[in-house]
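In what follows, a single structure is set out as structure tokens and then discussed.
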Amino acid sequence: MKIFAPNSIIAKSRFWYFLKKTQKVKKSAGELVSFKKIHSLKTNFIRNFGIWIKYDSKNGPINMYKEYRDISVIGAIEQLYLEMAGSYKVKWSSIIVLRTEELNKSECIRGKIKQFHGVKNNFPLRTFNYRNFNKYKQTNFVSKKFQNVLKI
């Protein structure tokens, strides 16, 4: 089960929430065996992602499918949360990510994603400014012994 959350405490809480709903297992009867943070392996090119979600609105639960272009699944999920909060006024806690999938060009449905498929534009990557390690060895403030002797 993949759970997208801002920190580990909320992720564990959401895990037990979903497990209780789907498998009827209480936290006292179960055990969390492993907990891993998922990192994207290839982040040097843009990919298409399809996301299936379910959220609770005033009229009841609503299922939805969204497509996003990003370099990682985590970035696509972040775009999803921002769009849902802005356009649909949905809180983060009421959104349930059912499934995420990487899509090919032919599998994309939405026009806002298809418009970038044939374009050969290159966008600059963020520059990585590595800090100089020798600079951190230097100290800005140097302690010196006070001269308490009056010189005449």
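Quick note: the coordinates plus some simple rules give every number you see, no bench work behind them. These numbers come from a predicted model, not from an experiment. Note: ideal-geometry Cβ built from the backbone for every residue, glycine included; neighbour counts use all protein chains shown.
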Contour minus end-to-end for Ser94 and Lys2, with contour as 0.36 nm per residue of separation and end-to-end as the Cα-Cα distance? 31.5 nm
Relative contact order of the range 46-121 (C-alpha contacts under 8 Å, at least 6 apart) in percent is 39
What's the local net charge at Ser57, with K and R +1, D and E -1, over the other residues with C-beta under 14 Å away? +3
Count the net charge of all other residues whose Cβ sits under 15 Å from the Cβ of Val90, scoring Lys and Arg as +1 and Asp and Glu as -1. +2
How much FRET efficiency would the formula 1/(1 + (r/R0)^6) give for Tyr17 and His117, where r is the Cβ-Cβ distance and R0 is 35 Å, rounded to 0.05? 0.40
Is there a pair in Lys20/Lys54; Lys42/Lys120; Lys27/Lys54; Lys26/Lys66; Lys26/Lys58; Lys21/Lys91 whose C-alpha atoms are over 26 Å apart, and which pairs would that be? Lys26/Lys66; Lys26/Lys58
